[in-house]
Amino acid sequence: MKIGLIGGGPSNLFLAWLLRNEADLYLIEEDNRLGLPMHCTGLVSERMAVTLGLGWRVIDNYYSSLTITNSLNSRGVLLKFTGNRIVMLNRPGLEEHLYSKASFRGVHMGVRVTEVNKRGVVRGFGGFEGSYDVVVIGEGARNVLSRITLGTRLNTVSGVQADGYSQYLKGVVNDEHHIVVLFGGHYSGRFFAWIVPRGDGEFRVGVVDDPRIVGLRFRKIIRELRLNPRRVFGGRVVLGASNVNYGQGSVAAVGDSTGITKSLTGGGIVTGMLTSLILARALHEHWGVGDPIAEYSRALGGTLGRLAKAYSALSNMLYGNVTVVEGALGEFDGIEVSIPDYDNHMDALIRLLMARPKLGLTLVKYTPSLNISTVNLRDLVTSLF
Ligand SMILES: Cc1cc2nc3c(=O)[nH]c(=O)nc-3n(C[C@H](O)[C@H](O)[C@H](O)COP(=O)(O)OP(=O)(O)OC[C@H]3O[C@@H](n4cnc5c(N)ncnc54)[C@H](O)[C@@H]3O)c2cc1C
């Protein structure tokens, strides 16, 4: 089986690791180095990192607690992770680690793919042409090949962040294993901003918003937090997709290109690796005895796809109503909740409401102000049931 992998991100590299003894693998990556340009904060749950075979070599820091607040002057909501902590993965360390586990027949660095057809023919800059039994689109959030070849349309926002030092932040966040999420119209009209200590007194500060204004937001935030940026990076964050097509003919998509992410946080590393796990399994079981791409699409459209769709609908509701949610957040000021599993957002929400049951009723007063489109509700209901 000859497989062409377009894009050297964690999704495709993990797939290459899984299929190292089963296929002739060819990597086509437009950059000259893996993992560049950097765009991601790198936060995942410790349990998933370990389950997916990522050891401490690719982990830069861990976090036992997180505050969600609408101002650095208020206490906000404190979440304490009792079982499953958050870890920061090193990127491009993650890509380098996955690459070292894989085994390629051919590696084409510095080649941007411009065309993929459903029969497995790939063309790119510099006269590149290749023909494969299976082509896997792992182009991240760019949504060019996945849109043209498969028809998937990603729903994205833009993120900008910086690593740097700030004496002011050192005073405010004086625990290297604690994250602060800044939520509210003052920081972002579409998502949230974050302060993540990297260790040795350094911070990673970022914000996600509409592409037109995210740069302005970012500059305002780093001025306010008095951060001295050492490096600035960012990219597109996937919040869902419409017209989803996970694969057809000889072509499949993995990772961000499928539109499957944890859209409440924008996290896509683990979900991307999970899509690869499912594709590897479909290829392993159905190659030569069925249609592995059709099996993959069916499997992905099941639990993972439906869950992602439900979270995407929830995130649309939450981030389409930032000012309303900000008001509600004020009501929770000072609450502390123990969260056994960082990955389980629903459980976290329920625990929060249980911490002060009366607040559940208080929140009802915000409901009439919520702008809930019928599409969101339909998506939510159909994906949950
Ligand atoms: C600001 C920001 C913060 C984030 N924070 C987190 C976080 O904390 N936790 C988390 O889990 N996720 C986070 N994410 C999301 C995470 O980065 C992605 O979900 C993840 O990188 C997706 O992996 P992937 O393999 O699908 O694609 P990518 O990692 O995007 O890799 C795609 C690769 O394909 C290459 N490529 C693209 N087009 C072509 C082409 N035409 N030809 C050849 N090569 C091509 C690119 O150069 C790249 O190397 C964040 C994203 C952003 C933008």
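The values are calculated or read from the model by the stated rules, or taken from the named source; none is laboratory data. In this text the structure is predicted, and so the values were computed from the model without any measurement. Counting neighbours? That spans all protein chains shown, and the Cβs are built from the backbone with ideal geometry, glycine included.
Assorted remarks:
- Within segment 252-268, being among the aliphatic types (A, V, I, L, M) and at pLDDT 95 or above holds for 252, 253, 254.
- Wholly enclosed strands (runs of 3 or more DSSP E) of segment 110-182 bearing at least 2 residues in the same structural domain as residue 5 (by TED's automatic domain parsing), touching a Phe, Trp or Tyr at 6+ places or on another chain (Cβ under 8 Å) and within 27 Å of residue 267 (Cα to Cα): 113-116
Residues are listed down the side, and each one gets a yes or a no for (1) more than 23 Å from residue 190 (Cβ to Cβ); (2) surrounded by fewer than 16 Cβ atoms within 10 Å (Cβ to Cβ):
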residue: 301; (1), (2): yes, yes
residue: 316; (1), (2): no, no
residue: 337; (1), (2): yes, no
residue: 341; (1), (2): yes, yes
residue: 344; (1), (2): yes, yes
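- Considering segment 258-345, the qualifying helices (runs of 4 or more DSSP H), each wholly inside and each with 1 or more residues that are within 16 Å of the ligand (Cβ to nearest atom), run over 269-286, 292-301, 303-319.
- Pair list, Cβ < 7 Å and 6+ apart or interchain, from segment 109-128 residues that are touching a residue at least 12 places away in the same chain (Cβ under 8 Å) and closer than 17 Å to residue 25 by Cα to residues that are more than 9 Å from the ligand (Cβ to nearest atom) and of a type in the set (Phe, Trp, Tyr): 111/128; 120/132; 122/132
- Conditions (1) buried (at least 19 other Cβ atoms within 10 Å of the Cβ); (2) within 21 Å of residue 315 (Cα to Cα): number failed by residue 246: (2)
- Leading residue by the ranking (nearest to the ligand (Cβ to nearest atom)) among those in segment 80-101 that are over 20 Å from the mean Cα position of the chain (by Cα) and of a type in the set (Gly, Ala, Ser): 100
- Restricting segment 229-244 to residues that are aliphatic (A, V, I, L, M) and out of contact with any Phe, Trp or Tyr (no Cβ under 9 Å at 6 or more places or on another chain), the residue that is farthest from the ligand (Cβ to nearest atom): 244
- Residue within segment 194-203 that is assigned to a helix (DSSP H, G or I), away from the ligand (no atom under 11 Å from the Cβ), surrounded by 19 or more Cβ atoms within 10 Å (Cβ to Cβ) and not aromatic (Phe, Trp, Tyr) present: no
- For segment 56-75, the set of residues classified as in contact (Cβ under 8 Å) with a residue 24 or more places away in the chain and among the hydrophobic types (A, V, I, L, M, F, W, C) consists of 58, 59, 66, 68, 72, listed by residue number.
- Test: residue in segment 27-49 that is touching a Leu at 6+ places or on another chain (Cβ under 7 Å), more than 7 Å from the ligand (Cβ to nearest atom) and more than 28 Å from residue 208 (Cβ to Cβ): yes
- Of all residues in segment 132-170, exactly one satisfies the criterion of being without any contact (Cβ under 8 Å) to a residue 60 or more places away in the chain, more than 22 Å from the chain's Cα centre (by Cα) and within 12 Å of the ligand (Cβ to nearest atom), namely 148.
- Residue that is farthest from residue 140 (Cα to Cα) [pool: residues in segment 17-67 that are surrounded by 19 or more Cβ atoms within 10 Å (Cβ to Cβ) and among the β-branched types (Val, Ile, Thr)]: 67
- Here is the figure for segment 194-226: residues that are closer than 18 Å to residue 167 by Cα and touching a helix residue (DSSP H, G or I) at 6+ places or on another chain (Cβ under 7 Å) total 6.
- Selection over segment 278-307 of residues that are hydrophobic (A, V, I, L, M, F, W, C) and touching a helix residue (DSSP H, G or I) at 6+ places or on another chain (Cβ under 7 Å) gives a count of 8.
- Boolean, residue 76 is crowded, with 21+ Cβ neighbours inside 10 Å, outside the structural domain of residue 126 (by TED's automatic domain parsing) and away from the ligand (no atom under 15 Å from the Cβ): yes
- Candidate set from segment 112-131 (those that are of a type in the set (Val, Ile, Thr) and surrounded by fewer than 22 Cβ atoms within 10 Å (Cβ to Cβ)); member that is farthest from the ligand (Cβ to nearest atom): 121
- Remark: pairs (first residue in segment 264-278, closer than 16 Å to residue 50 by Cβ; second residue within 7 Å of the ligand (Cβ to nearest atom) and not in a helix (DSSP H, G or I); Cβ separation under 6 Å; 6+ apart in sequence or on different chains) = 269/44; 270/44.
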